[in-house]
Amino acid sequence: MNITKKNIAIFAKDESLNSYEFWKILNNIRKDRGASPVLHKDFIKRVADECDDLGGKEIFLHPQNNMEITSYKLNRDQMFLVGMRESKAVRKQVLKWLHELSDKVDEIEAQKAERAEASLSFKEQSAALKLSREFEGKETLSHHYSNEADLLNRVILGCTAKSYRSAHQLGKADSLRDTLTPVELEAYTALRKANETYLLDGLTHSERKEKLTNRYKRFYCQRLIEEYERLNG
C-alpha cells in the first residue's frame, strides 16, 4: 500500500489523519491481503470502541450517494489501535504503513529545516560579502550578490541560477531550493559557511572558487552520485 502525497500533506499538519481516509487505506490493505472490505459503519464503531479520547468530529455528505459520513481525527497511536483489530497479515501491513508515513513526514520536516538553514546561510554570506568589500573601500551592488550566489551554483549545480531555472522550467517565483535533494541542500549550507570565512579572510574570487570546488569534490560528489542512484533506482 503506497503512501500518497495527500496522506503525507494531511498527516504533516498535526500528525493526524481523518478516520474516513484511514478507512479507505485500511480497506485497500485488506484487499491486497485477500480480505473483504469492512463497512464504514462497522469501522466507525470500532474506532469509537478502541479510542477513548476522540476529537475533531466531522460530519459530511458522501459525494456519490449523499449519505452522512462521520469522521474523527486520528493520531498515529489511535490508528495503530484500530489497525490491531485486524488479522495478523493486515496488522503487519498497517504497522508498516504507519512507520513509512511517519518516516516520510520526518524526512519532509528535515528538508524544510535544511532549506531554512540554507536561506539563513545565504543572508550571512551576503553580509560577509558586503563587509569584505567595505574593508577594501568598494561599494556592493546587487549584481555582486547574485555573482556570489552563482559561484556556489556553478560549483554545486554546474551552472548559474538562471540556466538551472530554464533547464528545470522554473518561474521567477519558484524556489530553487525546493528542487534540491537533501545532499545538495547540505552542500549549499556547508559551502556557504566556508565561503563566508573565505570572504572575511580576503581571498579573491578565483581562490575561493578553487577552495570551494575542492571541498565539494572531497565531501559531496560521491554522496550525490549515491543519492541519485538511490532516488532513481
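Nothing in this text is a laboratory measurement; each read-out follows from the coordinates by a stated rule. Being a predicted model, the structure only gives us computed values, none of them experimental. Please note: Cβ atoms are built from the backbone with ideal geometry, for glycine as well, and neighbour counts cover all protein chains shown.
Distance from the Cα centroid of region 179-210 to that of region 45-100 is 48 Å (rounded to whole angstrom). Which residue, 32, 178, 52, tops the fluctuation ranking in a GNM of the chain built on C-alpha contacts under 10 Å? Greatest mean-square fluctuation among the candidates belongs to 52. For region 124-160, the list of trypsin sites (Lys or Arg not before Pro) that fall in a loop by DSSP and count at most 13 other C-beta atoms within 10 angstrom reads 138. Dividing the summed helix terms, -39500 (n - 2.57) for each DSSP H run of n ≥ 4, by the number of residues in the chain produces a 222 nm estimate of -22500 deg cm²/dmol to the nearest 500.
Which angle from 0 to 90°, rounded to the nearest 10, does the C-alpha axis of helix 19-32 make with the longest principal axis of the chain? With rounding to tens, the tilt is 80 degrees. Note on residue 138 and residue 224: the extension gain reaches 27.2 nm, defined as 0.36 nm multiplied by sequence separation minus the Cα-Cα distance.
Scaled against the 2.2 N^0.38 Å expected of a compact globular protein of N residues, the Cα radius of gyration of the chain reads 1.44. With springs only between Cα atoms under 10 Å apart, run a GNM on the chain and tell me which of 68, 86, 124 wobbles the most. In this elastic network of the chain, the residue with the biggest mean-square fluctuation among 68, 86, 124 is 68. Pick from 126, 71, 166: which residue has the top mean-square fluctuation in a GNM of the chain where Cα pairs under 10 Å get a spring? Among 126, 71, 166, the largest mean-square fluctuation in the Gaussian network model of the chain belongs to 166. Values of log10 I(q)/I(0) for region 5-86 across q = 0.11, 0.12, 0.16 Å⁻¹ run -0.28, -0.34, -0.61, by the Debye formula with one identical scatterer at each alpha carbon and no solvent.
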